[in-house]
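Have a look at the structure below, then the notes.
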Amino acid sequence: MSKPIIILGIESSCDETAAAICQEGKIVANIISTQFDHARYGGVVPELASRLHQAYILPVVEQALERANVAKEDLSAIAFTVGPGLPGALMVGVNFAKGLALGLGCPLIAVDHLLGHIVSLFIEEPFPSFPFICLTASGGHTQLSLVKSILDIEVLGKTIDDAAGEAFDKAAKLLGLPFPGGPQIDKLAQGGKVDFHQFPEPKVEGFNFSFSGLKTSFLYYLRREVAKQPDFISKHLEDICASLQHRIVTTLLNQLTKAAEHYQVTNLAIAGGVSANSYLRKLFFEACKQKKWNAFIPPFKYCTDNAAMIALTGYYQYLRSDFVSHKVTALPNGKF
Ligand code: KG4
Ligand code: ZN
């Protein structure tokens, strides 16, 4: 009997140190250590992230191997996030993967983080059928892609400034909410009115996105209202969150819908940290139901950063012998 294909996946692009094991296309271990240390600074501190990755990467990888009951000598290849992400944070994962692969004499696989988010749709069934359009919305990126097969992706549009997650996080900071702000706004918005205030819809060419104008208009709106009524924020916090969230979510969905109609694709997916947003999930399913489109979202635990998506992408790249040499370095802007 031939040896099973076992891939170790390593993720260190931002503030999660994560390792996962994929055996013959199935995730058998998924370990994540989230760096909560950044919360007190109101955002991810790159230097601190690198140092924490350095401290946690070995125990996280050891735990993944133990959980999967796999000896490191049984690994077929090491897959790691090559980018996009914070340069210093990526470097920890890249160098760890290089050292381990060199020691074990096994191949190295460089995985793009955003491709990983798309492949997270294939960790648990139901899987989307091809072609499908995927909206990937995270803290650092917002991207629309036409996915023709698992590794064959055409990028249709991107954000030209801030990412959707960044818009959530920056707005939350202005409201005095702790980092990361996305989940906080999601929770507070559940008790608020979406039509409390109408924020302007960003106007962007094609299938791109822009959220920096919305951020500025949100800032001026708060300043204006607080000048009139000093306790405006605390009095209307839920309504403000609901109105802002409505604008971010409808902006994302309008572009996704436009792309689906333009490309006449009836399978739609969302992935990345922002796809954990309950209002986005609700409106996405409702819109797809109304148009009779098939809707896909990864299970909640695979929406935010994890290494399962990196290990699974690594598995598919392994099947194509898509390996890199030990000269590989981090690509902070990603592969695409
Ligand atoms: O994919 P991810 O874990 O990391 C990056 O690749 O950036 O995404 C993190 C982003 C953060 O901006 C966070 O605020 C946002 O996802 N996020 C949410 C929710 N959960 C996470 N945004 C809105 N609602 C949520 N429930
Ligand atoms: Zn991510």
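Can you confirm whether the range 28-41 contains a residue that is within 16 Å of Pro4 (Cβ to Cβ), open to solvent by less than 10 Å² (accessible area, probe 1.4 Å) and not assigned by TED's automatic domain parsing to the domain that holds Gly273? Please lay out each step first, then the result.
Keep residues of the range 28-41 that are within 16 Å of Pro4 (Cβ to Cβ), which gives 28-29.
Going one step further and asking which of them are open to solvent by less than 10 Å² (accessible area, probe 1.4 Å), we end up with 29.
Remaining after also requiring not assigned by TED's automatic domain parsing to the domain that holds Gly273: 29.
The answer is yes; a qualifying residue exists.
Could you grab me the full set of residues in the range 263-296 that are away from ligand 1 (no atom under 16 Å from the Cβ) and not in a loop (DSSP other than H, G, I, E, B)? Result: Tyr263, Asn267, Leu268, Glu286, Ala287, Cys288, Lys289, Gln290, Lys291, Asn294, Ala295, Phe296. Residues in the range 297-336 that are more than 16 Å from ligand 1 (Cβ to nearest atom), open to solvent by 80 Å² or more (accessible area, probe 1.4 Å) and under 20 Å from Val155 (Cβ atoms): Arg320 only.
Out of Ala242, Ala260, I need the residue that is part of a helix (DSSP H, G or I), away from ligand 1 (no atom under 16 Å from the Cβ), on the phi < 0 side of the Ramachandran plot and not assigned by TED's automatic domain parsing to the domain that holds Glu16. Which one?
Working: Ala242 fails: away from ligand 1 (no atom under 16 Å from the Cβ).
It is Ala260.
Taken together, Ala311, Ala260, Ala269 contain a single residue that is in contact with a strand residue (DSSP E or B) (Cβ under 9 Å, 6 or more places away or on another chain) and more than 16 Å from ligand 2 (Cβ to nearest atom), which is Ala260. When restricted to residues that are more than 14 Å from ligand 1 (Cβ to nearest atom) and either within 18 Å of Met309 (Cα to Cα) or crowded, with 24+ Cβ neighbours inside 10 Å (or both), the range 97-128 contains 11. For Asn254, the conditions (1) of a type outside the set (Ser, Thr, Tyr); (2) within 16 Å of ligand 1 (Cβ to nearest atom); (3) surrounded by fewer than 17 Cβ atoms within 10 Å (Cβ to Cβ) are fulfilled apart from (2). Scanning the range 143-161 turns up no residue that is within 22 Å of Thr250 (Cβ to Cβ), among the aliphatic types (A, V, I, L, M) and without any contact (Cβ under 8 Å) to a residue 12 or more places away in the chain.
The values are calculated or read from the model by the stated rules, or taken from the named source; none is laboratory data. Bear in mind that the values here come from a model prediction, so they are computed numbers and not experimental data. For neighbour counting, all protein chains shown are included, and Cβ atoms are generated from backbone atoms with ideal geometry for every residue, glycine included. To get the accessible areas, we keep the full protein, side chains included, count just its heavy atoms, and leave off ligands, DNA and RNA. Shrake-Rupley method; radii C 1.70, N 1.55, O 1.52, S 1.80 Å.
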